[in-house]
Amino acid sequence: MPTREDALALFPEGYVPSEKEIEKKLEELVIAYQDVENQSYDYSIAIQNRKLQYPSVEQQLDLLFKDIQNGTLDTTGEFFTALNTVKESNPKP
C-alpha cells in the first residue's frame, strides 16, 4: 500500500507541497494501487480457468498430429479451435 513518503517522492525536488496536495497524490496512488491489484486478480483468475479447461498435453499433441496429417495446421484445425475456445471463454482483462 502506498505511503505518504511515496506521495512526497512524486513532487519535484525542492518543492514543498501543502498537506492537501500530499493527500491528493496519496489518494491517487491508493486508487492506482487498488486498480492494479484488481486487474492482477482478474488476470490470475482468467489464467487459472484456462489451465483447468485446456486439454491435456497428450491430447494437444494428438490434435497437432491429426492437423498435420490432415493439412489443417492453421486456424481451421482442431488444435487451434480447441485452444481458441478456451481462450475466448476466459478472456484476459
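Restricted to the stretch 1-16, and to residues that are part of a loop (DSSP other than H, G, I, E, B) and touching a helix residue (DSSP H, G or I) at 6+ places or on another chain (Cβ under 7 Å), which residue is nearest to Asn38 (Cα to Cα)? Spell out how you get there, then give the answer.
Of all residues in the stretch 1-16, those part of a loop (DSSP other than H, G, I, E, B) come to 1-3, 9-16.
Now narrow it down to the ones that are touching a helix residue (DSSP H, G or I) at 6+ places or on another chain (Cβ under 7 Å): 1-2, 10.
Details: Met1: 13, Pro2: 15, Leu10: 23 Å.
The qualifying residue nearest to Asn38 (Cα to Cα) is Met1.
If the Cβ limit is 7 Å and pairs must be 6+ apart or interchain, which residue in the stretch 69-93 that is in contact (Cβ under 8 Å) with a residue 24 or more places away in the chain pairs with which residue that is part of a loop (DSSP other than H, G, I, E, B)?
Matching pairs, first to second residue: Ala82/Pro55; Leu83/Tyr54; Val86/Tyr54.
Out of the stretch 51-74, which residues are within 24 Å of the chain's Cα centre (by Cα) and not in a helix (DSSP H, G or I)?
Tyr54, Pro55, Ser56 - these are the residues of the stretch 51-74 that are within 24 Å of the chain's Cα centre (by Cα) and not in a helix (DSSP H, G or I).
Return the total of residues in the stretch 31-60 being polar (S, T, N, Q), under 30 Å from Met1 (Cβ atoms) and in contact (Cβ under 8 Å) with a residue 24 or more places away in the chain. Before you say what the answer is, go through the steps one by one.
From the stretch 31-60, those polar (S, T, N, Q) are 34, 38-40, 44, 48-49, 53, 56, 59-60; that's our starting set.
Those still in the list that are under 30 Å from Met1 (Cβ atoms) too: 34, 38-40, 44, 48-49.
Restricting the remaining residues to those that are in contact (Cβ under 8 Å) with a residue 24 or more places away in the chain gives 39, 49.
Count: 2.
The numbers here are math on the coordinates, done by the rules we state, and not lab data. Given the structure is predicted, the values throughout are model-derived calculations rather than measurements. FYI the Cβ positions are ideal-geometry reconstructions off the backbone, even for glycines, and counts take in every protein chain you see.
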